[in-house]
Structures are given as structure tokens and as C-alpha cells.
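Structure record follows, encoded as C-alpha cells.
Throughout, read-outs are computed from the coordinates displayed, never taken from laboratory work. Remember, predicted model here, so these are calculated numbers, not experimental data. Counting neighbours? That spans all protein chains shown, and the Cβs are built from the backbone with ideal geometry, glycine included.
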Amino acid sequence: MAIYLGIDGGGSKTSCWIGDENSVIGQGRAEGSNIIRVGEAKARQALLRAIELACNDAKIIPDEINHTCVGLAGAARPEVSAAVRRILGEVLNSRLDVVGDMVIALEAAFGGEPGVVVIAGTGSIAYGRDAHDQTVRVGGWGPVVSDEGSAYWIGKAAVAAALRGFDEGQQTLLLDAVMKPWQVETHAQIVMTANASPAPDFAGLCTAVCLAADLGDGTARRVLARAGEELGALGKIVVRRLFDGKSNVQIGMAGSVFVHSHIVREAFRDTVKDAYPDANIQAAVAEPVSGALALARKNAQRKSGKGAAR
């Protein structure tokens, strides 16, 4: 029986699934392993821990794995791909594919079919593939100049909105929500933390923003709605460029921001539907690690001559 391993190496978490030809037999989860964001040392620790936990869950040893696919941001950069191969080579003897995080998200959403997937986790990006295997990516240029609608963007926007509310004499739930994760007690301390170098963990504020919104804070709800609109705008650009604006395109969502905020999902759908009313927007948020596992299976079959993988 062949054994396959798929990994989604995100900025805040690493998900690892092990499966046979038909099912998932083990899962593991660790801290973020996006090398660009966390560095090689932390990425190594997270990747090896996730694999260890998944192997323990599947009751196998790493040597039993036949093919592995890893998806992570920056995979097209030779130094990133080389580092991942070097790290995983410490414990795996399997064939290994290293691809972009958007590739595994697209696979999770649509398999080999055409479509557009918008990813919103620590960062954000939109990616699409048409029936002729032409691809387009939009956004994902980093937190300083891009990553619209991401957890980082939401955290930063929430701090700005909370401080504006303070200037206007409002004591919002959002202001209190921002203080707790950063372990500060005054708005002055928020200002110092927000402007510190290196930059603080803005992405880590996203959960608190979602909670404040669920408790009825209007400012938090507006921040999340704007995030959904920004993500919808990314998706619309891919549809226009790749599908000539055809309205019946499949569109999927992936990433923790979509998972945790119905406000973001609703604003995203409304933004896309406003331009493309016949778009087929998937209700469920795709799980990218499932795409990594699926690609491990497909690529193993292709390399053994048993089938073709897109």
C-alpha cells in the first residue's frame, strides 16, 4: 500500500496529512513554517513536529511514506525550495514536490478543474487556472505593500480604527480586544507597540477582532467587511484577466480569515457577485492541506506512469 504525505506550511500554522490511496490516516499540526516569515530554524522545528505528529497518528514511520507534496508561500524562490528539501530530507526518503501555497489551495478547491481561489491567512493572494492550464496570480506581495484582507491587514486596520475611535472619544470593544493579545493596558502602550521595530504580530489580533465583531462592535464589523471587499477585489481581477470576465467561473475561498469570519465571507461573496452575478462561489472554505495530499497522490501516479496529473 502506497503512503502519501501533504503539508500546508502557513505563516501561523503547519498542517500535515498522511493518507493512502483513498483516505486520510493521520494528521499533525504545528506552528507556522513559512520560511520567509518565521526563518529557517523555526520552520524546521514546525515542519518536523507536524510530520512527527502525523506519523504517530497514522502509526507509521517516515520511511514508509512514498511521495510528499509541500505547499508554502515563496516556493518559487530557489533558496526557499532548497531549504524545505534540506529540512525534510532529514526525516523523509520519499519523492518530494515543493509548490506554492496557492497551488495546493486551488487543488483543494477544484481538483483539476478551472477556477479561482482566494486565500486569506496570515497573508493573502488570489490564484486561478483556466481550461488551457494558463494561470494568473494577484496580490500576495507582502504585508507592507499588499496582503489585502489578510489577518495581518485586519490586525493593522483594527488598531488604526480603534485609535481613531479613541480620538473621537469612544471606548469600543475593539480597543479592549486589541489590548489583551498584546498585553497592554493603555492606548499609549498600543501606539508604542504598533510602531515598534520589528513590527508586532498584527496577524495575531485577527481572532480578537472577529470576537469583538461577533459581540456587536460596529468598528470591528466594518474592518472585517472591508477585508472581505478587498479579497473580493483580488478575485475579480483574476476573473477579468484569466476568464475574460466570464460570469460563471468557479470561485473558492481558503485560509483562516474566511474560516473564522462570516462577515468576511459575506462581504467577499457580495463583492464578487456584484460584478459577476453568475459566479459559482463555493460555500465551504477549502482546506489547502487536502490539496497537498491530493497532489502527492497525483504526482506519484504520474511519475510511475499510472496516470496524468495536472
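Numerical summary
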{"quantity": "Contour minus Cα-Cα distance for residue 259 and residue 160 (0.36 nm per residue)", "calculated": "33.3 nm"}
{"quantity": "For q = 0.17 Å⁻¹, Debye-computed log10 I/I(0) when each Cα of region 2-134 counts as one equal scatterer", "calculated": "-0.88"}
{"quantity": "Ranked list, fewest to most other Cβ atoms within 10 Å of each Cβ, for 210, 55", "calculated": "55, 210"}
{"quantity": "Förster radius 45 Å - calculated FRET efficiency between residue 20 and residue 199 (Cβ-Cβ, nearest 0.05)", "calculated": "0.55"}
{"quantity": "Added length on full extension, which subtracts the Cα-Cα distance from 0.36 nm per residue, residue 282 to residue 141", "calculated": "48.2 nm"}
{"quantity": "Two-site label geometry, residue 40 and residue 63: point separation in nm, points 7 Å out along Cα→Cβ", "calculated": "2.7"}
{"quantity": "Greater than 32 Å apart at Cα, pairs in 180/236; 42/298; 13/298; 246/298; 42/273", "calculated": "180/236; 42/273"}
{"quantity": "Extreme residue, positive dipole direction of region 113-278, given options 171, 150, 187 (C-beta unit charges)", "calculated": "150"}
{"quantity": "Relative packing of 217-230, 67-80, 96-109, which averages over residues the other C-beta atoms within 10 Å, highest first", "calculated": "96-109, 217-230, 67-80"}
{"quantity": "Estimated distance in nm for a label pair at residue 274 and residue 76, the labels positioned 7 Å out from Cα along Cα-to-Cβ", "calculated": "2.9"}
{"quantity": "Distance between region 81-139 and region 1-45 - C-alpha centres, whole angstrom", "calculated": "13"}
{"quantity": "For region 113-278, size of Cβ-based charge dipole, Lys and Arg +1, Asp and Glu -1, in debye", "calculated": "220"}
{"quantity": "log10 of Debye I(q)/I(0), alpha-carbon scatterers only, for region 44-97 at 0.13, 0.16, 0.21 Å⁻¹", "calculated": "-0.31, -0.47, -0.78"}
{"quantity": "Separation of the residue 246 and residue 303 label points, Cα + 7 Å toward Cβ, nm", "calculated": "3.3"}
{"quantity": "Kyte-Doolittle at least -0.5, axis length at least 30 Å by Cα - qualifying DSSP helices, the chain", "calculated": "218-243"}
{"quantity": "Tensor-based shape of region 240-310 (alpha-carbon gyration tensor, a/c under 1.5 rounded, otherwise prolate or oblate)", "calculated": "oblate"}
{"quantity": "Whether region 97-210 is rounded, prolate or oblate, judged on the alpha carbon gyration tensor where a/c under 1.5 counts as rounded", "calculated": "prolate"}
{"quantity": "P(r) tail fraction, region 113-278 - alpha-carbon pairs more than 20 Å apart, %", "calculated": "51"}
{"quantity": "Peptides 258-267, 117-126, 164-173 ordered by average Cβ neighbours within 10 Å, highest first", "calculated": "117-126, 258-267, 164-173"}
